[in-house]
Amino acid sequence: TLTQLAPDAVLKAILRKPTHDRSPDDLEIIYEELVHIRALSHLSTTVKRELANIIVFESHPRAETVLFNQGDEGVSWYVILKGSVNVVIHGKGVVTTLQDGDDFGQLALINNAPRAATIITREDGCQFLRVDKDDFNRILRDVEANTVRLKEHGRDVLVLEKVSANPSAAHRHSASYTVMAGMPQKMLEHLLETRLDARHLSVRDEDIIRPYSSATDMFLDDFLLTHIMFMPTHQLITELMRNYRIESPTQDKEFVVASKSRVVNFVYQWVTSIRDPVFDETITHSFFEVLSLIKANNSAIHSAPTPLLYLSHSFAFASSSPWQRLKLGLLIIMYSRLSLDSTRLAHVPLLSILAALREYFRGIPVNATAETIKLNAADKLGLRHEELVLAEIKSNGEKSVIADTEVSIATCLSINGRIFVSPKDHLDAMTVLPDQEGPSDGTCNELEMFSTRELAYYITLIDWDLFCSVHEYELLYHVAGAQPFRKIKSNLDLFLRRFNEIQYWVVTEICLANTLGKRVQLLRKFIKLAAYCKEFQNLNAFFALVMGLSNVAVSRLTQTWERLPSKLRKMFTEFDGLIEPSRNHRAYRIAVGKLQPPILPFMPLLLKDMTFTHEGNRTLLDSAGLINFEKMHMLAQTMRTLRYCRSRQLLLQPPTPRSEQEVRNYIRNLRVIDNQRILTGLSQRLEPKRA
Ligand code: CMP
């Protein structure tokens, strides 16, 4: 009987027994064997003993035997006892070889996804241990290694890490493994395989909007928000195209259709979440044209599941090219946000600053480089552009020469800064223009006529308009520099500019009020205005106002502050506490965390968070191009905050119209002094330092 056989054969015979027939001795023999297997070394004794009960033996006499195919449903996990297998992926061929002691097939089980590769034996007589899905889930799922590393050609291509072992994470649709690092192409494949349903359009609004939930899986959204950092759009399209074109005579139709559907589903999610910039590259257009032809050309796709049909529904719009039809169709499901391109920027019914900018830059798009502007000017001036220099001169006389490659110059200017074009050797002679200094009279009397609530209302409407125009991508351009992307962040620039404008407005008005009485009136007005902005959840303007009031030129006016009613002084102290930056703006973060959208967040802090993440973490983990996706996740979290804040429309009770038009005009055309030296000088004249 058994004892007469070689030890190897004993084991095999036991493993071939039906699991319920295994005796305690059998289990001991199996256990002894499991102890020596590399793939199981991280498991506890208890788990190995449990495995001994259920693990089965599987052998394949011939080389070139397919254990399972890419795209199949995952039903078991394997450990190689003897021999070796090839891991084969469509369009790539053999990506790696696994030897005895290695395991495979866990990926589909832990992600509830189809098989990511085909497994083929490399030699005759391969032997495996196999654990079937239910047992795997019961015994192994929670104790599986915290990190799963996939290799191709000897290099790490994907590193997954277990998010948490809590029961809700084991829920079918929230993957319990998240991507920590990966090669761009592999991450995309993994995304298509594990996060995109081939049958439904799985838009999970609540996941996309909720900013801080760590429990839900954000891989897809993270990828969409940040891919431009590591995978330019044209490369993404090339890869999508490759995945879309998977054709395989050996594969069933279902696999091919599923692969295509996932790509279409991806595009749907992409357009929904990223909107206009998706269409920025011409290669996107040709790709979408390919997609839009699906219906006509491929009968296999006729029976295709929802996403394709969904998209083809919207083709019904009569329009000239297939591309346009698709774009139209997709646009319908998009938010109507402002795009970054200049033509649309010009349509923003916004501030006079914009109108003024357009005046200077008539006919020149916002994304024009400094060089283009120079060429334009040279043409008008009849000079050679090489002789010209483009420079900003700030109101305090500071000059900075603008590099030829610089873009969106108009929106980057300081408030009273101006762009000058001059022959190179005249640069030194350039001086500040009189109008750059700002107003010499305050508007205190006018301001007194406006209701504070009404002022806050129109300030908030304008801010909201500007805020909603800021694309999430602009945060990335801000930290990584707009130039490598050849994109502009003008909407963000304008929003930040408005922040400064409001801040200087407060200081300017108070410093131009030449009687104590007027100054006290203004202080009251601005503190109340801050209170209204806070009530309207416009924290950006709130910060700007309170920071204006804290500017030295204002805070040093002790006689004025002494005359302020104590109630307002108390209110200001409270506000000042909120903008206090200590412990990483803790006071503000707690306060804003309690609010529901719509919120106008304090934008400079979001930018600081982005910069902090960007500078504190590497994008590349090795020289081969492994991307630190953890960093991308952190960047995306901040970008999602933006989305969360405006996930609900701003609906404020309009004020009873008193002087609507005047207030609007006033708020749109703030005239300020942005030269701190002048402001401090004015302040000193108002209340000279007491000896
Ligand atoms: P699964 O997707 O279930 O089936 C194919 C298995 O191949 C997969 O789990 C992994 O265990 C294994 N594998 C090894 N290397 C790779 C790779 N580079 N890409 C995908 N799968 C791989």
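Every number in this text was worked out from the coordinates using simple rules, so none of it is lab data. Keep in mind that this is a model prediction, so the values were computed, not measured. Note that each Cβ is placed from the backbone with ideal geometry, even for glycine, and that neighbours are counted across all protein chains shown.
Within the same chain, lysines fewer than 8 places from Lys133 are excluded, and of the rest, those with a Cα less than 28 Å from its Cα are Lys12, Lys17, Lys48, Lys82, Lys92, Lys151, Lys162, Lys186, Lys253, Lys260. How high is the FRET efficiency from Gln661 to Ser440, r the C-beta distance, R0 25 Å, rounded to 0.05? E between Gln661 and Ser440, to the nearest 0.05, is 0.45.
Normalised by the number of residues in the range 1-74, the mean separation of alpha-carbon contacts (under 8 Å, six or more apart) gives a relative contact order of 31 percent. Restricting the trypsin sites (Lys or Arg not before Pro) of the range 588-654 to loop positions (DSSP other than H, G, I, E, B) with no more than 12 neighbouring Cβ atoms within 10 Å leaves Lys594, Arg618, Arg648.
Here is the tail figure for the range 534-691: Cα pairs spaced more than 19 Å apart come to 70 percent of all pairs.
With no solvent and one equal point scatterer placed on each C-alpha of the range 106-146, evaluate the Debye formula and give log10 I(q)/I(0) for q = 0.17 Å⁻¹, two decimals. These q points yield log10 I(q)/I(0) values of -0.59. The label point for Thr558 and the one for Glu687, both projected 7 Å from the Cα toward the Cβ, are 0.9 nm apart.
The calculated FRET efficiency for the pair Thr405 and Lys17, based on their C-beta separation and a Förster distance of 60 Å, comes to about 0.25. As an exercise, take the mean of 1/r over every pair of distinct alpha carbons in the range 41-113, invert it, and state the Kirkwood radius in angstroms. One over the average 1/r among Cα pairs gives 14.0 Å for the range 41-113. Taking the square roots of five times each eigenvalue of the Cα gyration tensor of the range 34-176, the equivalent ellipsoid has semi-axes of 23, 19, 14 Å, listed largest first. Taking Rh as the Kirkwood radius computed over C-alpha pairs, what is the Stokes-Einstein D of the range 447-564 at 4 °C in a medium of viscosity 1.567 mPa s, expressed in µm² per second? Roughly 84 µm²/s, to the nearest whole number. The alpha-carbon of Lys518 sits under 18 angstrom from the alpha-carbons of these lysines, leaving out residues fewer than 8 places away in its chain: Lys528. Loop-located trypsin sites (Lys or Arg not before Pro) across the range 33-86 with a Cβ neighbour count of 10 or fewer within 10 Å are Arg62, with loop assigned by DSSP. The lysines within cross-link reach of Lys424, meaning a Cα-to-Cα straight distance under 25 Å and a gap of 8 or more places when in the same chain, are Lys374, Lys380, Lys394, Lys399.
Annotation for the range 380-463: trypsin sites (Lys or Arg not before Pro) lying in DSSP loop with at most 15 further Cβ atoms inside 10 Å of their Cβ are Arg384. For Leu621, the residues whose modelled amide H falls within less than 5 Å of its own, excluding neighbours fewer than 5 places apart on the same chain, are Leu626, Ile627, Asn628.
Label-to-label distance, His42 versus Leu381, with points set 7 angstrom from Cα along the beta-carbon direction: 6.5 nm. The simple Förster model, with R0 at 30 Å and r as the Cβ-Cβ distance, assigns Ile283 and Glu615 a FRET efficiency of 0.45.
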